[in-house]
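Visitor: Handing you this structure, nothing more for now.
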Amino acid sequence: EGCDTVVQKMIYVEDFPNLLVDGDTIVCNGSEAIVNVGSDIANCTFGWYLDTTLTSPFHTGSQLRRTPTQDETYYVKVTTPNGCQSWGSFGIHLMVPEMSSNKTKMCADETVVLKGEGAVYYEWTANPPDPSLEGQQDSSQIEVSPDVTTTYTMVGLGQNGCRATPLTKNVTVYPFPIPEIDYSPNFVDSEDPFVTFEDISEGSTWTEWDFHDGNKSNKRSIIYEFKDLTADSVYI
């Protein structure tokens, strides 16, 4: 008779979900990691796997609590309320901090650079206290000028605030030597032109004598013979 009926059916089209990861992915050995996952699409479900076969999840839910003993990689399958699926992966890394310096021996007016690696956050202390460390205690790299021999301690922290075993570096500071010469006799005799010179400088570890006649020596103590006695005096 020409009559008709129109029936409408709604087809829902959904994007594939993206995996969002938040939590403790860099932790200390023996520390519990708490990782939360989510998606840009609401009300998704999550399955956790230890390999890419994705055959049987060892865990479900949006949160994983784990105490790894080695670096581990996790694969997460995300399923939307309408059945669209995708998966992503992330790793939990066990933090192994390292500490290095560009020198361990220096003079009193020099600068030493110490560097921390392998952690998320850093804490530095000095014993005895070093004023030049002020303002750098939470940096991955510090530049300090200690006045005396100092031991620097670095503690690496993970994302969850766990603290690794402290690492130390001793920086030996040598004071500038105070030049002092002892010699005997205090004159040169033409019949006995020998003078004994001795470096008695405080803090001295290496000596260089210059007798201003072309001769030099690196001996701490030396008996020197003067062969040119025409001058009234000589500077040593």
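Visitor: Please figure out what share of the DSSP beta bridges in region 1-140 is antiparallel and state it in percent, rounded to the nearest 5.
Guide: Among the beta bridges of region 1-140, antiparallel pairing accounts for roughly 95 percent.
Visitor: List the cysteines in the chain whose Cβ has no other cysteine Cβ under 4.7 Å from it.
Guide: Isolated Cys, the chain: Cys3, Cys44, Cys84, Cys107.
Visitor: Longest exposed-loop-site-free stretch of the chain, with trypsin sites (Lys or Arg not before Pro), DSSP loop and at most 13 other Cβ within 10 Å?
Guide: 104-218
Visitor: Quick check: the distance between the Cα centres of region 65-111 and region 14-52, to the nearest angstrom?
Guide: Region 65-111 and region 14-52 have Cα centres spaced 14 Å from each other.
Visitor: In the chain, what % of DSSP beta bridges are antiparallel (nearest 5)?
Guide: 90
Visitor: In percent, what relative contact order does the chain have, based on Cα pairs under 8 Å that are 6 or more apart in sequence?
Guide: Result for the chain is 14 percent.
Visitor: Which far-off residues, 5 or more places away or on another chain, put their amide H under 5 Å from the one on Tyr174, with H placed in the peptide plane?
Guide: Met106, Cys107, Ala108
Visitor: Kindly state, to the nearest 0.05, the FRET efficiency for Glu98 paired with Ala42, given R0 = 41 Å and r defined as their beta-carbon distance.
Guide: It comes out at approximately 0.45.
Visitor: Tell me, what ³J(HN,Hα) does each residue in region 97-109 have, in order and in whole Hz, if you take phi through Karplus 6.51 cos²θ - 1.76 cosθ + 1.60 with θ = phi - 60° and put x for Gly and Pro?
Guide: x, 10, 9, 9, 8, 7, 6, 10, 10, 7, 7, 5, 9
Visitor: In square angstrom, what is the accessible area per residue of the chain with a 1.4 angstrom probe?
Guide: Accessible surface, normalised per residue, equals 65 Å².
Visitor: In addition: Solvent-accessible area of Phe226, probe 1.4 Å, all protein chains present, reported in Å² to the nearest ten, please.
Guide: 20
Visitor: Which ³J(HN,Hα) values in Hz, rounded to whole numbers, follow from the phi angles of region 217-224 under the Karplus curve 6.51 cos²θ - 1.76 cosθ + 1.60, where θ = phi - 60° and Gly and Pro get x?
Guide: Those phi angles translate into 8, 10, 6, 5, 10, 8, 9, 10 Hz.
Visitor: When the accessible area of the chain is computed with all protein chains present and a 1.4 Å probe, what percentage of it is carbon and sulfur?
Guide: That fraction is 48 percent.
Visitor: Additional query: Residue by residue through region 138-154, which ³J(HN,Hα) values in whole Hz follow from phi under the Karplus form 6.51 cos²θ - 1.76 cosθ + 1.60 (θ = phi - 60°), with glycine and proline marked x?
Guide: 10, 8, 6, 9, 10, 10, 10, 10, x, 8, 9, 4, 9, 9, 9, 10, 10
Visitor: Using r as the Cβ-Cβ distance of Thr60 and Phe176, and R0 as 41 Å, what FRET efficiency do you calculate, to the nearest 0.05?
Guide: E between Thr60 and Phe176, to the nearest 0.05, is 0.05.
Visitor: Here's a follow-up. Using a 10 angstrom cutoff on alpha carbons, build the Gaussian network for the chain and name the most mobile of Trp48, Trp124, Trp206.
Guide: Largest GNM mean-square fluctuation: Trp206.
Visitor: Another question, then. Does region 64-125 classify as rounded, prolate or oblate by the C-alpha gyration tensor (a ≥ b ≥ c root eigenvalues; a/c under 1.5 gives rounded; else a/b over b/c gives prolate, otherwise oblate)?
Guide: prolate
The values are calculated or read from the model by the stated rules, or taken from the named source; none is laboratory data. Here the structure is a predicted model, which means the values were calculated and not measured. Every residue, glycine as well, gets a Cβ built from its backbone with ideal geometry; the counts of neighbours run over all protein chains shown. Calculation scope for accessible area: heavy atoms of the full protein, side chains included, ligands and nucleic acids excluded. Shrake-Rupley method; radii C 1.70, N 1.55, O 1.52, S 1.80 Å.
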